[in-house]
Amino acid sequence: MLVLADGRFPAGGHAHSGGAEAAVAAGRIRDAATLEGFCRGRLHTAGLATAAIAAAAAAGVDPVRLDEAADARTPAPALRAAARRLGRQMMRAARAAWPSSELDALAAARPRGAHQPVVLGLAARAAGLTPLDAAHTAAYESVTGPATAAVRLLGLDPFQATAVLARLAPELDRVAEHAADAAGRAVLDGLHVLPAASAPLLDIAAEQHAAWPVRLFAS
């Protein structure tokens, strides 16, 4: 779990801001307080949805069907493309770290890349982790990307950014537990029970950001 959540794991996340670059340009992230609000909103929407997908993959739900469910929960084409780019990179890293027939099968079924949380969940499964571990990792990634990006974009004090993440830790635990519980029910009841929380402003900003001629982050 520590390896999967480590920013040095070569899964490409350092090139993505999780919507923070567009939010900084729009003035929605200006300091530590506004960064915390942005991260909290992202955690309870996109973070919850991706954590549940990752947990379901770790629980053994069909990853191809989960990839379709992730598509349905990602209406913005720019975010779908980013999720698949990240999925391709994570697949390469995961197959090197934890060789797995399930990862190989998903790579063959989705040669252009599966959604990143699906791959993350299968990587967690290959590493012997639980669905709750996978949910924690996905939820953690949903806020660390924007926090790290804000340090680079605003010159924000990294100690302040770290303090934001520390204050969000209890909420992150609750989101991960909710996601893992939903994943457990999905095994028996079907994928429709997985959270589909949305953040329309993130979707709109992602499409605008993708059209910028110059940007620091890929998303």
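If you run the Gaussian network model on the chain, springs between alpha carbon atoms under 10 Å, then out of A182, A83, A96 the most flexible one is A96. Apply the Debye scattering formula to the chain, with a single equal point scatterer on each alpha-carbon and no solvent, then give log10 I(q)/I(0) at q = 0.11, 0.18 Å⁻¹. Evaluating at q = 0.11, 0.18 Å⁻¹ gives log10 I(q)/I(0) of -0.47, -1.29.
For the chain, find the longest principal axis of its Cα atoms and tell me its angle to the long axis of helix 32-42, 0 to 90°, nearest 10. Compared with the principal axis, the helix lies near 30 degrees. Taking θ as phi - 60° and the Karplus parameters 6.51, -1.76 and 1.60, the scalar couplings of segment 86-102 work out to 5, x, 4, 5, 5, 4, 4, 5, 5, 5, 6, 7, 9, x, 8, 5, 5 Hz in sequence order, x denoting glycine and proline. Over all pairs of different C-alpha atoms in segment 100-219, the reciprocal of the mean inverse distance, the Kirkwood hydrodynamic radius, equals 16.7 Å. A simple charge model with +1 on the Cβ of Lys and Arg, -1 on the Cβ of Asp and Glu and nothing else charged puts the dipole of segment 14-210 at about 440 debye relative to its Cα centre. What is the helix-to-structure angle for 158-189, meaning the angle in degrees between its Cα long axis and the longest Cα principal axis of the chain, kept from 0 to 90 and rounded to the nearest 10? Around 30 degrees separate the two axes. Over 18 Å, how big is the tail of the calculated P(r) for segment 62-106, in percent of all Cα pairs? Here the long-distance tail beyond 18 Å is 34 percent of all Cα pairs in segment 62-106. What the phi angles of segment 205-219 give under the Karplus curve with 6.51, -1.76 and 1.60, with θ = phi - 60°, is a coupling list of 5, 5, 5, 5, 4, 4, 8, 5, x, 9, 8, 7, 10, 6, 8 Hz, glycine and proline written as x. State, as an integer percentage, the relative contact order of the chain based on alpha-carbon contacts under 8 Å between residues 6 or more apart. Once normalised by length, the contact order is 38 percent. Comparing L156, L172, L202 in a Gaussian network model of the chain, where Cα atoms under 10 Å apart are tied by springs, the biggest mean-square fluctuation is seen for L156. Here the Karplus relation 6.51 cos²θ - 1.76 cosθ + 1.60, evaluated at θ = phi - 60°, turns the backbone of segment 139-153 into coupling constants of 5, 4, 4, 5, 10, 6, x, x, 5, 5, 5, 5, 4, 6, 7 Hz, with x for every Gly and Pro.
Considering only alpha-carbon pairs that sit under 8 angstrom and 6 or more positions apart, the relative contact order computed for segment 97-163 is 21 percent. Rounded to the nearest 10 degrees, what's the angle between the helix 116-126 long axis and the longest principal axis of the chain, both from Cα atoms, 0 to 90? That helix lies at roughly 50 degrees to the long axis. Rg and Dmax of segment 51-148, based on Cα coordinates, read 12.1, 35 Å. If I build a Gaussian network model for the chain, linking alpha-carbon pairs within less than 10 angstrom, which residue out of E207, E177, E36 has the largest mean-square fluctuation? Fluctuation is largest for E207.
Based on alpha-carbon positions alone, could you give the equivalent ellipsoid semi-axes of segment 1-68 from the gyration tensor, as √(5λ), descending, whole Å? Taking √(5λ) for each Cα gyration eigenvalue gives 27, 15, 11 Å.
Each reported figure results from applying straightforward, stated rules to the coordinates on display, with no laboratory input. Just so you know, these numbers come straight off a predicted model, no measurement behind them. Glycine also receives a Cβ, built like all others from the backbone with ideal geometry; neighbour counts cover every protein chain displayed.
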